[in-house]
1. Once you put a point 7 Å from the Cα of Arg81 and another 7 Å from the Cα of Arg142, both along the Cβ direction, what distance in nm separates them?
2. Val52's amide H: which non-local residues (gap 5+, or another chain) put their own amide H closer than 5 Å, with H modeled 1.01 Å from N in plane and none for Pro or chain starts?
3. Taking the Cα of Thr193, stepping 7 Å toward and past its beta carbon, and measuring to each backbone N in region 123-138: which are under 16 Å?
4. Under 5 Å between amide H atoms, partner at least 5 residues away or on a different chain: which partners does Val184 have, H built in plane at 1.01 Å?
5. Over all alpha-carbon pairs of region 46-129, lay out the pair-distance distribution in 5 Å bins, whole %, shortest bin first.
6. What's the FRET efficiency of Lys68 with His210 using the Cβ-Cβ distance as r and R₀ = 25 Å, to the nearest 0.05?
7. Could you please report the charge total around Val126, scoring K, R as +1 and D, E as -1 over all other residues with beta-carbon less than 12 angstrom from its beta-carbon?
8. Pop the C-beta distance of Ser123 and Asn95 into the FRET formula with R0 = 22 Å and round what comes out to the nearest 0.05.
Amino acid sequence: MHRILIVAVAVLAMALTGSTALAQKPPKAPKPTPAPAPNTAGITISPSANPVVYPSGVTFTGRVNGAKAGVTVTLQSSILRDGPYKNLAETKTDNSGKYSVGDRPSRNLYYRVVSTAPNAQASIYVRSAMRIGLVVSDSTPRRGALIKFSGTVRPRHDGRTVYVQRRSATGRWVTLKRPRLVGVNSTTSKYSTRIRVRSNGVYRARVLGHADHSLGTSRTRTLVVH
């Protein structure tokens, strides 16, 4: 009898333990809410030239993905990558979502295009190259003649060095003279130097770039000695 009582108590304890475990079993976690579909809308930007030789203009073209006609695209610029940006111009997309808008940069700038409906933006860094002129006093000099090399630089960069160079037989450019720029007016500087020419040669002038403007290089000038 005593043995039967012990077995009955054990069975009752197991039953109570199982019911408690069932009562304490955590509820199933709710199914996660599906994440919203990523916004695949975007906008592209491509400049007509980079660098842009001062004071030429640049045209930006691109497409607003998923857009049709009439979406507003705003062109903005900043001297810093992270802004602040200022609005320059607005345009509308065509039936294919394409746009075209332009500016005339006076220095190196970050440009950004921003569209609405859909919201998208894209940016690009555009360099403004100095415009370097090069004139020679005689392109067919006699051997040993002293030739004047001169030109202008825009925008104004008084005090900066101009590198007047000659192309060697190996194709390397060799600097012959380093005149300094002097002011002409509010927008232009000039330089002048003389080089004794003893053989045929191809010449150019350069001004190194800096924070505001990119490297400028003149057209080449060929001198033929006779």
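Since every read-out is calculated from the coordinates, none of them should be taken as a lab result. Because the structure is a prediction, the values reported are computed rather than measured. Because the Cβ atoms are built from the backbone with ideal geometry, glycine has one as well, and the counts that use them run over all protein chains shown.
1. Result: 5.9 nm between the two label points.
2. HN-HN under 5 Å from Val52: Arg127, Ser128, Ala129.
3. 132-137
4. Ser189, Lys190
5. 3, 16, 28, 24, 16, 9, 4, 0
6. 0.05
7. So the surrounding residues net to +3.
8. Approximately 0.30, to the nearest 0.05.
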